[in-house]
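Asker: First the structure, then my questions, so here it is.
Read-outs throughout are calculated quantities, based only on the coordinates presented, and are distinct from any laboratory measurement. Because the structure is a prediction, the values reported are computed rather than measured. Note that each Cβ is placed from the backbone with ideal geometry, even for glycine, and that neighbours are counted across all protein chains shown.
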Amino acid sequence: MPLTTRVSHPGLTGTKREETIRFYTELLGMEIVLRQPNLDFPAEEHLFFHAGNDTFIAYFLPVEGADLSFYEEARKGNGGMDHLAFDVEADAFAGAATRLRAAGVAFEGPVDRGYERSIYFFDPNGVTIELLTWITPPPAGAPLAPIITRAQQLRERRGAAFIEDADVRAAIAELHGYRI
């Protein structure tokens with residue numbers, strides 16, 4: 001049994017405070033549930049965005065007039081975070097491309113991920129954001145870990161390289177007693 005129960009939040013650092021706030025609140029519709037000085041570094045503000053379903057992201061952003069010379073832009077593949085992924089409902093996913101286009105945000109996708117579809121784009125600080133939706137959504141309230149674990153076992157039994165939607169549907173049927 002794992003010690004942890006869920007991802008609480010990734011902690012991100014950036015330099016574009018106002019753009020970051022607008023991006024996460026206006027474009028992605030998140031609420032700022034905490035906004036205070038960074039207790040460890042007073043030149044930064046600590047923001048906590050509610051991403052939905054009791055999941056959060058923390059962002060540490062410089063206060064007005066702070067020295068920005070020691071900050072570096074996020075770079076993919078440099079040993080830091082590769083991307084930040086958010087689950088979205090199918091309806092929201094369907095409208096994401098339109099919303100991003102209207103905001104002038106370039107994106108890649110939808111990309112087929114076997115049992116998910118994803119769209120990728122950058123936040124104002126260069127962090128790669130992924131919006132993903134499951135092709136067959138898990139039943140309401142069902143924990144995801146057992147479904148993914150069983151789908152993984154089914155994939156391995158098939159000798160396939162990736163979990164496919166059929167694996168997820170079979171896992172849901174086995175674990176929750178109905179076919180989708």
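Asker: Dipole of the chain, Cα-centred, from +1 at each Lys and Arg C-beta and -1 at each Asp and Glu C-beta, to the nearest 20 debye?
Answerer: Values: 17 positive and 26 negative charges, 141 e Å.
The calculated dipole for the chain is roughly 680 debye.
Asker: Take TYR71 and GLU156, extend 7 Å from each Cα along the Cα→Cβ direction, and tell me the distance between the two endpoints in nm.
Answerer: The two pseudo-label positions are separated by 4.4 nm.
Asker: When the convex hull of the Cα atoms of the chain is projected onto a plane and the area is averaged over all directions, what value comes out in nm²? Please list the in-between numbers first.
Answerer: Numbers: hull surface 50.1 nm².
Projected area, direction-averaged: 12.5 nm².
Asker: Given the range 103-169, what whole percent of its Cα pairs are spread farther than 17 Å?
Answerer: On the way: 1131 of 2211 pairs.
The calculated P(r) of the range 103-169 puts 51 percent of pairs beyond 17 Å.
Asker: Further question on the same structure: Which value, in debye to the nearest 20, gives the size of the charge dipole of the range 7-65 about its Cα centre, when Lys and Arg are +1 and Asp and Glu are -1 at the Cβ?
Answerer: Numbers: 4 positive and 9 negative charges, 14 e Å.
For this selection, approximately 60 debye.
Asker: Would you mind computing, in nm to one decimal, how far apart the modelled labels at THR55 and THR25 are, each placed 7 Å from Cα along Cα→Cβ?
Answerer: 2.3
Asker: Next question, about the same structure. What residue among ALA94, LEU34, LEU154 has its Cα farthest toward the positive end of the dipole of the chain, where the charges are +1 on Lys, Arg and -1 on Asp, Glu, each on the Cβ?
Answerer: The residue sitting most towards the positive pole is LEU154.
Asker: Suppose every K and R has +1 on its Cβ and every D and E has -1 on its Cβ; what is the size of the dipole of the range 83-135 about the Cα centre, in Debye to the nearest 20?
Answerer: Roughly 180 debye for the range 83-135.
Asker: Another question about this same structure. Between the helical axis of 144-158 and the dominant principal axis of the chain, each derived from Cα atoms, what acute angle in degrees is found, rounded to the nearest 10?
Answerer: 50
Asker: While we're here: For helix 90-102, report the angle its Cα long axis makes with the longest principal axis of the Cα atoms of the chain; keep it between 0 and 90° and round to the nearest 10°.
Answerer: Approximately 40 degrees, to the nearest ten.
Asker: To continue, here is another question. Quick one: check the C-alpha center-to-center distance for the range 136-150 versus the range 3-80, whole angstrom.
Answerer: Value for the Cα centre distance between the two parts: 29 Å.
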